[in-house]
1. What ranking do 264-277, 368-381 get when scored by the average of other Cβ atoms within 10 Å per residue, highest first?
2. Once Lys and Arg get +1 and Asp and Glu get -1 on their Cβ, which of PRO567, THR538, ALA514 lies farthest toward the positive end of the dipole of the stretch 513-575?
3. Kindly identify the stretch 418-494 as rounded, prolate or oblate by the Cα gyration tensor criterion: order the square roots of the eigenvalues as a ≥ b ≥ c, call it rounded if a/c is under 1.5, otherwise compare a/b with b/c, prolate if a/b is larger, else oblate.
4. For the stretch 373-500, with only Lys/Arg (+1) and Asp/Glu (-1) charged at the beta-carbon, what is the dipole magnitude about the Cα centre, in debye rounded to 20?
5. Given the C-alpha centroids of the stretch 512-532 and the stretch 363-441, what is the distance between them in whole angstrom?
6. Where a ≥ b ≥ c are the square roots of the eigenvalues of the C-alpha gyration tensor, would you call the stretch 3-96 rounded, which needs a/c under 1.5, or, failing that, prolate if a/b is larger than b/c, or oblate?
7. Work out from phi, with θ = phi - 60° and the Karplus expression 6.51 cos²θ - 1.76 cosθ + 1.60, the ³J(HN,Hα) of each residue of the stretch 11-27, listed in order in whole Hz, and give x for Gly and Pro.
8. How many nm is it between the label spots at ILE362 and GLU58, if each spot is 7 Å from the Cα in line with the beta carbon?
Amino acid sequence: MVKTAQHFYEFGPFRVDALKRRLLRDGKIVPLTPKAFDTLLVLIENSGQVVEKDDLMEKVWPGIAVEENNLTQNVSALRKALGERRDEPQYIMTVSGLGYRFIASVNETWPDEVELRASTTVKSEPVIEEGTHADQPNGFAHTSTAPVVPGTPAVEPVATSVGRRTRVLAASALVAVIVLAGGYYLFTRNAKRAEATAANSQIKSIAILPFKSLGSEAPDEYIGLGMADALITKLSSIRQITVRPTSSILKYKNAEDPSAAARELGVDSVLDGRVQKSGDNIRVTVQLVRASDGSPLWGKTFDEKYTDIFAVEDRISEEVVQSLLPTITDIQKQQLTKHYTEDTEAYQSYIKGQYYWNKRTIEDVRKAIGYYEDAIIQDPNYALAYAGLADSYATLGILDTLPAQETMPKARSAAMKALELDDGLSEAHAALGYVKHRYEWDFAGAEREFKRALELNPKYPTAHQWYGWYLTSLGRNDEALSEFKLAQQLDPLSLYTNLTLGAPYYHSGDYDKAAAQYKRVSEMNPDFWLAHWWLFQTYTQQKRYDDALVEMQKVAKLRGENINNFPVVGYLYAVWGKQKEARQVLEESQRTAKDHYVSSYPIALIYVGLGENDKAFEWLEKSLQERDNSMVFINVDRRLDNIRSDPRFTKLVREVGLPQ
């Protein structure tokens, strides 16, 4: 029989009396066979850990060879008694090929003091022994439990007195043993937890996969990603742990093997979760898995009202951190339980915005803007929603053919509002730095904002990316490469972080290394049009004109546009010696400009390629007035080398505010 300390276990509506070997639900006994009860005890005493089948059978049937079918029948009986199904576990999870894990939250309690007293005292009227008084110096009366008989002296026979004292001492000894056993149990349990935490402290990185929906009443499809995104935001505040950003985990929405996903993401551990909604209630089951061998490190089930989803996220994040770190500071606890909104509808809109923002296509970023704006309408003090809005407007001008005057002021306004509400938002400081760099041309202010963003969150990949572009524009390519590498290490599967690694090579004239990097990114995802765009730019500088044209044709196809809609193709034709084609692109651009915005910068490049410098400066002046973000790169744009010695170029550099 399984041996256990004398105390109770409680989980969900159930209570286990380990001493009397009973399973109770709402005070009523739930029938279980002795071996099924032993199986339950082993599982709950190892709550959160996988108990392998062989170990489980050895503990339930010690020294007896039994078939695995016996264990399977026991677990099946337990599930029936607990009211759960194998495919929707609430208490016992099957770990394929290994064994079982008890996933419910278990509270361990000792018998109440009343129960202990009832089991160790004799219920009789006390008498005061002869020669003793209640007012004696020690303040206590010596009592016995003999009944008081009227008319007889209150004196107890010696043998009876000794016997009673012996029983009292025995009862006291029993209580002492119980207390000592309990103390020893608590000590060993805490020691084991401390040992487990110490072992887990070797884990320095984690990926949080989108939670999966279970049951017929599945929650909103965005909830799973939203919970992952919220936990990523919370855990990113803990500097001892590297957390993969949301953009990295999108592809694992339906991952069947969490440990495989963890290995692909290059992390030590992965948090995998399930969400089940029933009426106004929500159940979230999570497990933290070691990447190297798939072994579980921690697991738990949380049951809350659907409106208390923030409380679930708080508890999960805090317990994950406590399972990985030996100590956690009060400040870290505050960061883990910080809420940016208490409005569940605003939260729903925000996580939908995050979902589309992380896709980073023109259409998806536009959708993200709409959802962020909805979140702000629902909660005007939602700082994170403003930060998301700032990010979206900041990059929309790059992805889409929109004038900077249309997108950048909106990005600035949103970033400033976010910082007004919460000056500690790394995302908002990074977005403001981007605006100051690309639009306001406040280079000192931009660097301050980028450094502040990284001070607040050194593990925010976008801040490293944008700061890297800032350094690139100033010709500080070694520093830029360091920032881009940091971004790539934090988000190794991101197409964008891998793409930016080529920028310092391209702008320093090392085109072979730049082309190799862009080629790697295009192989990661052939449909990623920006990789082909930068290959086009690089091949043009290498005078591989045929290859450059092929890459631009891929860009046009992926974006569903005519190749001549891209003015920069005119520059390719011009330096290629195809003046007729270059002028056709110029004419097409002028026609397009009547209905849509066309940047002046690539028009200027065409004239540079054609050798018509006066026209080139005319269009560069227009680009200056448009505050085109390309202007901050004119000092490092090798395509402008032929006009760099002209005094008009020096004037442009001065007006942009770049160092001479």
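1. On the way: 264-277: 22.0, 368-381: 19.9.
Descending packing order for the listed peptides: 264-277, 368-381.
2. Going by the Cα projections, it comes out as ALA514.
3. Oblate shape, in that a/c is at least 1.5 and b/c is the bigger or equal ratio.
4. Numbers: 11 positive and 19 negative charges, 66 e Å.
Using only the charged Cβ atoms, the result is roughly 320 debye.
5. Computed from Cα coordinates, the inter-centre distance equals 28 Å.
6. Details: a/c = 1.60, a/b = 1.22, b/c = 1.31.
Here the stretch 3-96 falls in the oblate category.
7. Using θ = phi - 60°, the values come out as 8, x, x, 9, 9, 10, 8, 5, 6, 8, 6, 10, 9, 10, 10, 6, x Hz.
8. Distance between the two pseudo-spin positions: 6.5 nm.
Computed from the coordinates by the stated procedures, all read-outs in this text should not be read as laboratory data. Here the structure is a predicted model, which means the values were calculated and not measured. Every residue, glycine among them, receives a Cβ derived from its backbone with ideal geometry; neighbour counts consider all protein chains shown.
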